[in-house]
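Have a look at this one.
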Amino acid sequence: MNFYFFRCSKCLGIRQNEKSKKLQKDIFQFNDFMDRHYLVGTQLTVAAHCTINATIRFMDKIKIFAPATVANVSCAFDILGFALESVGDEMIFSKLDEKVITISVPLGSNLPSNPEKNVAGVVAKAMLDTAKADFGLHIHIDKRIMPGSGIGSSAASSAGTAYAVNKLLGNVFSDTELIKFAMLGEALASGIPHADNVAPAIMGGFALVRSYHPLELIKIPVPDELYCTVIHPQIEVKTENSRKILKKNILLKDAVTQWGNIAGLIAGLYSKDYDLIGRSLDDKIVEPVRSILIPLFFELKQAFLSAGALGGGISGSGPSVFALSKGKHTAENVADVMDSVYAKTGIDYDIHLSKINEQGVKIII
C-alpha cells in the first residue's frame, strides 16, 4: 500500500469532535480514490471547508500472493479462465539502487535465476524499461505451483510480477496494460502470448478474452455457490508440447457446437444457472486430443460427474483436471472420488478444493 500524508489548514489540531470525524472520513475516501485511480501527489478538495495536500511515499518492498488459475474451462480454449483461492505462489519484490534485476529461487528448484530466462524477469524488465524506472529489482520466488501443472504456474509468476512492479512504480499502468506485460512471460514459457491465465490472475474471478487484437477483457460474475476441485497428477505436460498435438483444422459442426457451449457457459455464469453451466462444460475440439496425455482421464471424469459435479475437464494444457460444483459439500465428494481413482495409479498427486478467487493477485504480510 502507498502511504498518503495529509495537512489541513482549517482542521489541523481539532480532536474528538464532528469536524475531525468528517476529516477522517474524507481522508479514508481520498486514500481509496488514490488507490483506485492512480493519482500522484496533488491537491484534492474533499469537503467544502478543506483542501488536503497529499504527498506520496512509494514502497520499497512488497510481498504478494499470485493465484493458480484454470484456463480454457473446457469449451473456451485460450479465451476464458478463472482464479483459485487455495493455491498459488508467494513472491517478494525489493527495490535495488542499481538498475539490474536479480532473481532467487528455493534450493532444489528447477526455476532459472537468469532474469532473461525467467518469466518474472522478462515481465519486470519490460515494465521498468517502459516506465523509465530509476531503480532495479530483486525478486524472490516461492514457487508453490509446479511448472507444467496446468494450473497456471508461469501465469502466476508473470501476473504476480506485473502486479507487484506496478505497485512499486506507483500504479502507473492499468489492468489491461498489466495483462499485456504478463503475456510476455507466457510467450517465453509456451511460445504463445495467451491471456486466459494471466487475465484472471490479475483481475480475479472469471476473465473472458473477447479479443486479442486489440486486447479486450471482460470480467464475468461468479455465482455464489460455485466451487472448483482440481486434481494435479505429479507429471509434467509442457504447454508448448501440448499445443503441437492440436489439430490445425476442425469440422464446422464441432465449431458450431463449441460456440454454443461458450455462449451457454457465459450466460450460465451471468444468470447463476448452474444446470446451464454444467451442460455447457463440453469440449468437442481440444479435450479429445489432449486427454491422451492424462492417465485415466475419462475414468476420472465419469467419476466426478457421478459424484454430482456440474462438469469439468482439462485445466489448461494438463495434466491437472478440474471440476466445478454447486456447493462445498458436492465439491468435497468430487475430491473423494478423484482420490479414489488416482490412488490406484501409483502416480503422486495433489487435490485442491477452492472457491473462485474474485480478487486475483493480492498483497500479503
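Which one of the conditions (1) buried (at least 20 other Cβ atoms within 10 Å of the Cβ); (2) at pLDDT below 95; (3) out of contact with any Ser or Thr (no Cβ under 6 Å at 6 or more places or on another chain) does residue 277 fail to meet, given that it meets all the rest?
Here residue 277 meets the rest and fails (2).
Output the number of the condition that residue 296 fails; it satisfies all remaining conditions of (1) out of contact with any Ser or Thr (no Cβ under 9 Å at 6 or more places or on another chain); (2) aliphatic (A, V, I, L, M); (3) surrounded by fewer than 20 Cβ atoms within 10 Å (Cβ to Cβ).
For residue 296, the exception is condition (1).
Would you confirm whether any residue within region 189-204 is over 15 Å from residue 66 (Cβ atoms), part of a helix (DSSP H, G or I) and outside the structural domain of residue 321 (by TED's automatic domain parsing)?
Taking every residue of region 189-204 in turn, at least one turns out to be over 15 Å from residue 66 (Cβ atoms), part of a helix (DSSP H, G or I) and outside the structural domain of residue 321 (by TED's automatic domain parsing).
Moving on. Please work out if residue 231 is on the phi < 0 side of the Ramachandran plot, among the β-branched types (Val, Ile, Thr) and assigned to a strand (DSSP E or B).
yes
Which residue, of 314, 363, 294, is in contact with a Pro (Cβ under 8 Å, 6 or more places away or on another chain) and not assigned by TED's automatic domain parsing to the domain that holds residue 83?
Answer to the check: 294.
Suppose we filter 151, 139 for residues that are in a loop (DSSP other than H, G, I, E, B) and in the same structural domain as residue 93 (by TED's automatic domain parsing); which single one remains?
151
Another question, then. Across region 94-141, what is the total count of residues that are surrounded by 14 or more Cβ atoms within 10 Å (Cβ to Cβ), at pLDDT 95 or above and under 15 Å from residue 155 (Cα atoms)?
Number satisfying all stated conditions: 8.
Quick one: how many residues across region 314-365 are polar (S, T, N, Q) and assigned to a loop (DSSP other than H, G, I, E, B)?
Qualifying residue count for the region: 6.
Just checking, which of 179, 151 is in contact (Cβ under 8 Å) with a residue 40 or more places away in the chain, under 22 Å from residue 70 (Cα atoms) and under 13 Å from the mean Cα position of the chain (by Cα)?
151
The values are calculated or read from the model by the stated rules, or taken from the named source; none is laboratory data. A quick note: this is a predicted structure, and the numbers were derived from the prediction, not measured. Cβ sites come from the backbone with ideal geometry, for glycine too, and all protein chains shown count toward neighbours.
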